[in-house]
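Notes follow once the structure below has been shown.
Bear in mind these aren't lab numbers, they're just calculated from the coordinates by the rules spelled out. All figures in this text were calculated on a predicted structure; none of them were measured in a lab. Note that we place each Cβ from the backbone using ideal geometry, even for glycine, and neighbour counts take in every protein chain shown.
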There are 2 protein chains.
Amino acid sequence: MRAEVLSIGTELLLGEIVDTNSAWLSARLADAGWDVYWSGRVGDNLERVVEALELALRRSDIVVTSGGLGSTDDDLTRSAVARIVGEEPAIDPRLEAHLRDWFARANLAWQDLMLKQATRIPSAVSLPNRVGTAPGWLVPVRDRFIVTLPGPPRELQAMWIEQAEPRLPKAGGFLLRHSFKTWGIGEGRVFELLGALVKPANPSVATYAKRDGVHVRVAAKAANPVEAASLAGPVIEEVRERLAGSVWGEGEDTLVGQICEVLRGRGHRLSTVESITGGLIAHEITSVAGVSDVYAGGAVAYDPAVKVRIGVPSETVERFGVVSEETARAMAEACTAWFETEYAIATTGVAGPTDLEGKPPGTVWMAIRGPGGTAARRLASSSRSRAQIQERSTFAALGQLWRALNEGTA
Amino acid sequence: MRAEVLSIGTELLLGEIVDTNSAWLSARLADAGWDVYWSGRVGDNLERVVEALELALRRSDIVVTSGGLGSTDDDLTRSAVARIVGEEPAIDPRLEAHLRDWFARANLAWQDLMLKQATRIPSAVSLPNRVGTAPGWLVPVRDRFIVTLPGPPRELQAMWIEQAEPRLPKAGGFLLRHSFKTWGIGEGRVFELLGALVKPANPSVATYAKRDGVHVRVAAKAANPVEAASLAGPVIEEVRERLAGSVWGEGEDTLVGQICEVLRGRGHRLSTVESITGGLIAHEITSVAGVSDVYAGGAVAYDPAVKVRIGVPSETVERFGVVSEETARAMAEACTAWFETEYAIATTGVAGPTDLEGKPPGTVWMAIRGPGGTAARRLASSSRSRAQIQERSTFAALGQLWRALNEGTA
């Protein structure tokens, strides 16, 4: 059984926004056992939306659209679906009442153009929008279905999970996915370790270079979860064995979560002092819920004077420079003292666009301080992008801490 | 003249990665005057890739593909293009020599499977890859063109700009875009202010709700930049006038950049102390280059003890709670003193998933401290998502600082 996603909106084709909905919907559909072979984007043009929907209906059992459900003239999804089934949209009094009520409760002035969102064709089942104003439609077309969802991701996701999925036929299949997440080895090395295991068959094994290391995904498709598990099981074991020592997590694990679990087990705490990464390490740590028992806090020491105030000897900065192994080490050591933690991460470097102390952008020193001592490491990123240098430094530091915790070197 | 983007890779259809390439390519193509009416994604299946390419070639003058140029069996883009033009790929000795040289210089062991990346069909012009290993192809098909680019965004972008664009015909058109960026007014209010100006005509006016406020984009398409400017000019002026007072920037301006410009003009500096936002405000500030003269640094005060160490009276935290107006104010005041800055931003709140001090997730207090005093504000986010609460709080704080600087209230 095939499903297809069609994202509607000229803004997607002008590159004004990135189409994250189709990735989200595709993943949900695939997990539910649907074969997703295509997805497309089309602009706000009635002829082209109709054409794209017709093409999709010829080759897929379910077509899910996102976007084009607003109130303005360029919101054309309803008109396109109406034309395909040969019906006329009309205002549904219940939808209108619901919408007027929504405006009243939100304390917003009613606007008549909103009435467009209260229209429905006779064959459409209306899908309530819990998060926003525009309801969706579920429309049977012969033995197939069109589902129209609003563009804003929060509205789309809630409507799909709560309203659309339960009303649709089952795909009659199940996709099992299992991920291994590595650090410290490149994609080339992962290929060497896995060899012929990497292939697009069923079960399939694929590798992805992500910001927190290379991920390896095993996927198996079968009629039900039990068969999928027995298909994937031996491959998962084989991959686990071959990657041993480089895997920091599996499935939904996060690098920060894994680090915090080790620290929690030892009753130790962590702090950060960041120059080049400018708060990104702290942000990555605090984006994980429930780490406040392990993460004390951090300092963003952008001005060198702040490094000194936190306890870095000013002679160290003056003698070796802000971007140096010595300053990175002193930052990590000062950080554990100031925040009263056992562990600390420190970063200092040149984010660019210009040189600093005669060092080019991409020059980064990081240090990890722990009960076992302080370890420093130099990163040289060939990237010219400030965002990339900051991101790579952040995950290099977190990866280095994970390794140090596992090898007992810090 | 029409252009179309086709992203190739099963990982896109499984939702394993988000397709950012097509947004980037579409924007480049649109800016160069191409009409981009469709874009698509197809999995690693030869029949379907060929079919998708054929459809695209029927309706567009240029088809740009991303992905499927690697060395494994599921990299099928070259085979699909070869089939369309009826040619056989063969190893190009110059490409092989270049690739072997690349491996030698990178100190990597040569792997024979890499030879696939050195193949070429006779009619393809090879596009060198400065960033990675897989070269692209530029293939004339009758009076149209297929351009194949590698999937990794850095490789794709460099190859498009340096190798593909200069070799392709000109679209014979020009798209002018101009953005206004607002803060403090919702999309509904922007609609009210702009009225019938918002329309998909030429020039077009569209609104986008972004994390840093509602953006309004005016776009005009014409034969050349001068005509586009004279078409867009009056509309741009009209939009500017109607949005007066709510616009913090235009074009490529960033909220942090605008804030820093005002501070720089006054010779003042900024620091941050973050609890709920956990470093995200510092990260947003330091993601902008050249702010080190204005931004001294920040503290991530996750543990309440860190708040006290930075100078928040422990009685304030004990009496009013960590998440309170009084603690937010005291944090901002302590922050200016500790970092020796004129301005400070402070945030404290409940990110969830559980309540804190009897307050539900989404409860946030922020304070802005400046020479004119301290202003505090409560935010109540209905979101259940930790990431969303942190992001909204960050931009609410930056927006509030921008407003305070412009209204002289802090």
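Considering only DSSP beta bridges with both partners in chain B, what is the antiparallel share in %, to the nearest 5?
Around 65 percent antiparallel, to the nearest 5.
If the label for A:ASP101 sits 7 angstrom from Cα along the Cα-to-Cβ line, what are its distances to the same label in every other copy, in nm to one decimal, shortest first?
Ordered by increasing distance: 7.2 nm.
Residue-wise, which Karplus ³J(HN,Hα) couplings in Hz belong to segment B:382-393, taking 6.51 cos²θ - 1.76 cosθ + 1.60, θ = phi - 60°, and x for glycine or proline?
7, 5, 9, 8, 4, 4, 5, 4, 5, 5, 4, 5
Can you give me the distance in nm between label points at B:ARG264 and A:GLU87, each placed 7 Å from the Cα along the Cα-to-Cβ direction?
For B:ARG264 paired with A:GLU87, the spin-label model returns 5.8 nm.
How much of the pair distance distribution for segment A:252-349 lies past 21 Å, counting alpha-carbon pairs only, in percent?
The proportion of pairs with Cα distances above 21 Å equals 31 percent.
What FRET efficiency, computed as 1/(1 + (r/R0)^6) with R0 = 30 Å and r the Cβ-Cβ distance, is obtained for B:ASP355 and A:ASP101, rounded to the nearest 0.05?
Efficiency, from the Cβ-Cβ distance: 0.55.
Rank the residues A:CYS335, A:CYS260 as a footprinting-exposure proxy: fewest other Cβ atoms within 10 Å of their Cβ go first.
A:CYS260, A:CYS335
Which loop trypsin sites (Lys or Arg not before Pro) in segment B:108-207, with loop taken from DSSP, have no more than 12 other Cβ atoms within 10 angstrom of their Cβ?
Taking segment B:108-207 and a limit of 12 other Cβ atoms within 10 Å, the loop trypsin sites (Lys or Arg not before Pro) found are B:ARG130, B:ARG142, B:LYS170.
If a paramagnetic tag sat 7 Å from the Cα of A:GLU54 along the Cα-Cβ line, which residues of segment A:65-108 would have the backbone N under 15 Å from that point?
Those under the cut-off are A:80-87.
Give me, ordered by chain and number, the residues 5 or more places off B:SER66 or on other chains with an amide H under 5 Å from its own placed amide H.
B:LEU6, B:SER7, B:ILE8, B:LEU149
Measuring from a point 7 Å out along Cα→Cβ, what nm distances, shortest first, does B:GLY257 have to its partners in the other copies?
So the distances to the same position in the other copies read 3.7 nm.
Compute the separation of the alpha-carbon centres of segment B:170-237 and segment B:272-291 and state it in Å as a whole number.
What the calculation gives is 30 Å, centre to centre.
Once you charge only the Cβ atoms, +1 for Lys and Arg and -1 for Asp and Glu, what is the size of the charge dipole of the protein assembly as shown about its Cα centre, to the nearest 20 debye?
In debye, rounded to 20, the protein assembly as shown gives about 80.
With contacts defined as alpha carbon pairs under 8 Å and 6 or more residues apart, what's the relative contact order of chain A in percent?
10 percent
Place a +1 charge on the Cβ of each Lys and Arg in chain B and a -1 charge on the Cβ of each Asp and Glu, then give the dipole magnitude about the Cα centre in debye, rounded to the nearest 20.
Numbers: 44 positive and 50 negative charges, 109 e Å.
That gives a dipole near 520 debye.
What is the order of B:SER179, B:SER60, fewest Cβ neighbours within 10 Å to most?
Least to most surrounded, the residues fall as B:SER179, B:SER60.
Taking a temperature of 37 °C and a viscosity of 0.692 mPa s, what whole-number D in µm²/s does Stokes-Einstein yield for segment A:23-98 with Rh from Kirkwood over alpha carbon pairs?
D, rounded to a whole number, is 233 µm²/s.
Distance between Cα centroids, segment B:8-84 to segment A:79-153: provide it in whole Å.
Measuring centre to centre over Cα atoms gives 33 Å.
Taking only pairs that are 8 or more places apart or on different chains, how many Lys pairs in chain B have Cα atoms under 23 angstrom apart?
Count of close lysine pairs: 7.
What share of Cα pairs, in percent, lie more than 54 angstrom apart in the protein assembly as shown?
Roughly 11 percent, rounded to a whole number.
To check you understand DSSP bridge types, tell me what percent of the beta bridges within segment A:202-339 (both residues inside) are antiparallel, rounded to 5.
60 percent
Let me have the 222 nm mean residue ellipticity of chain B computed from DSSP H runs of 4+ only, each contributing -39500 (n - 2.57), with the sum over all residues rounded to the nearest 500.
After summing the helix terms and dividing by the residues of chain B, the value is -11500 deg cm²/dmol.
Over chain B, with a Gaussian network built from C-alpha contacts below 10 Å, which listed residue (B:VAL291, B:VAL214, B:VAL247) shows the highest mean-square fluctuation?
Among B:VAL291, B:VAL214, B:VAL247, the largest GNM mean-square fluctuation belongs to B:VAL291.
So which trypsin sites (Lys or Arg not before Pro) in segment B:196-279 are both in a DSSP loop and have at most 13 other Cβ atoms within 10 Å of their Cβ?
The qualifying sites are B:ARG211.
At q = 0.09 Å⁻¹, what log₁₀ I(q)/I(0) does chain B have when each alpha carbon counts as one equal point scatterer in the Debye sum?
Debye intensities relative to I(0), on a log10 scale: -0.75.
Roughly how many nanometres apart are two label points built 7 Å out from the Cα toward the Cβ at A:GLU165 and A:ALA209?
Simple spin-label model gives 3.3 nm for this pair.
What is the antiparallel percent of DSSP beta bridges lying wholly in the protein assembly as shown, to the nearest 5?
Bridges in the protein assembly as shown are about 65 percent antiparallel.
Which order results if A:THR354, A:THR277 are arranged by neighbouring Cβ count within 10 Å, fewest first?
Placing the least packed residue first, the sequence is A:THR354, A:THR277.
Quick one: with label points 7 Å out along Cα→Cβ, list the inter-copy distances for B:ALA289 in nm, shortest first?
3.9
Restrict the search to segment A:199-254; then list the GluC sites (Glu not before Pro) that DSSP places in a loop and that have at most 13 other Cβ atoms within 10 Å of their Cβ.
Details: sites: A:GLU227, A:GLU237, A:GLU238, A:GLU241, A:GLU250, A:GLU252; in loops: A:GLU252.
Answer in residue order: A:GLU252.
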